[in-house]
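First the structure, in the form of structure tokens, and then the observations on it.
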Amino acid sequence: MSETNEIMTALNHFVQEYASHPEVITSTAGQNINATQAHLLMLLRTQSLTNTQLAAAVELSRPAITKAIKNLIAHHYVIATINETDKRSTFYSLTPSGEKLALRQESAHQSMLDHLNTIMTNFTPKQQKTITKFLKQLNQIGDNQ
């Protein structure tokens with residue numbers, strides 16, 4: 001098997017494992033949210049934000065954020081508050097159950113980062129830079145199509 005095939009096999013395995021990792025709340029906590037919505041919960045844990053601010057923070061379109069927020073509101077994780085001075089602006093914030101879910105997501109996210117840091121200690125700084133360069137170029141494949 002060529003190195004390229006081995007890398008593809010390893011990446012495919014990682015993607016399949018990552019999708020079932022505890023960080024993806026939908027599969028482990030029985031919650032009806034996806035990874036994007038979980039990320040929004042983490043962002044809203046520190047402050048109330050508008051649709052536009054959330055879209056910029058996660059680099060998604062405003063319609064995508066609207067759809068995600070609607071689901072979070074439907075499941076009582078987020079509430080919408082219209083700005084008193086500018087009635088056109090709506091701020092989103094967490095409910096108590098949204099706060100709990102956001103904390104669980106942050107914990108799972110930190111656990112994943114800790115595992116990654118442990119793995120990366122097996123590589124020299126030069127090798128780490130090569131890995132980073134490889135992953136950045138790999139991510140550009142989709143951008144160029």
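Short version: ³J(HN,Hα) in whole Hz for each residue of segment 125-136, in order, from phi by Karplus 6.51 cos²θ - 1.76 cosθ + 1.60 (θ = phi - 60°), x for Gly and Pro, what are they?
x, 5, 5, 4, 5, 5, 4, 4, 4, 4, 5, 5
Enumerate the amide H contacts of Leu49 below 5 Å, restricted to partners 5 or more residues apart or on another chain; note that Pro and chain-start residues carry no placed amide H.
For Leu49, whose amide H was placed from the backbone, the distant partners under 5 Å are Tyr92.
Any chance you could give the angle, 0 to 90 degrees and rounded to 10, that helix 35-44 forms with the longest Cα principal axis of the chain?
Result, in degrees: 60.
Provide the packing ranking of 111-117, 47-53, i.e. peptides ordered by the mean count of other C-beta atoms within 10 Å per residue, highest first.
Values: 111-117: 11.0, 47-53: 15.3.
Result, highest mean Cβ count within 10 Å first: 47-53, 111-117.
Eight or more residues apart or on different chains, and alpha-carbon atoms under 21 Å: count the Lys pairs in the chain matching that.
Count of close lysine pairs: 4.
Within segment 75-111, list the trypsin sites (Lys or Arg not before Pro) lying in a DSSP loop whose Cβ has at most 16 other Cβ atoms in a 10 Å radius. If you can, show how the numbers build up before the last one.
Values: sites: Lys87, Arg88, Lys100, Arg104; in loops: Lys87, Arg88.
Of the trypsin sites (Lys or Arg not before Pro), the ones in loops of segment 75-111 whose Cβ has at most 16 other Cβ atoms within 10 Å are Lys87, Arg88.
Step through the residues of segment 79-96 one at a time and calculate ³J(HN,Hα) from phi using the Karplus curve (6.51 cos²θ - 1.76 cosθ + 1.60, θ = phi - 60°), rounding each to whole Hz and writing x for Gly and Pro.
10, 9, 10, 6, 5, 5, 7, 10, 4, 7, 9, 10, 9, 10, 9, 7, 7, x
Explain nothing, just compute: Karplus ³J(HN,Hα) = 6.51 cos²θ - 1.76 cosθ + 1.60, θ = phi - 60°, for every residue of segment 46-63 in order, whole Hz, x for Gly and Pro.
9, 6, 6, 9, 8, 4, 4, 5, 5, 4, 5, 5, 9, 6, 10, 6, 4, x
Taking all protein chains together and a probe of 1.4 Å, list Glu59, Glu3, Glu99 from the most accessible to the least accessible.
Largest accessible area first, the residues go Glu59, Glu3, Glu99.
The values are calculated or read from the model by the stated rules, or taken from the named source; none is laboratory data. Quantities reported herein were computed from a predicted structural model and do not represent experimental measurements. A quick note on method: Cβ atoms are made from the backbone with ideal geometry, for glycine too, and the neighbour counts reach across all protein chains shown. Just so you know, the surface numbers come from the protein's heavy atoms only, side chains and all, with ligands and any DNA or RNA stripped out. Shrake-Rupley method; radii C 1.70, N 1.55, O 1.52, S 1.80 Å.
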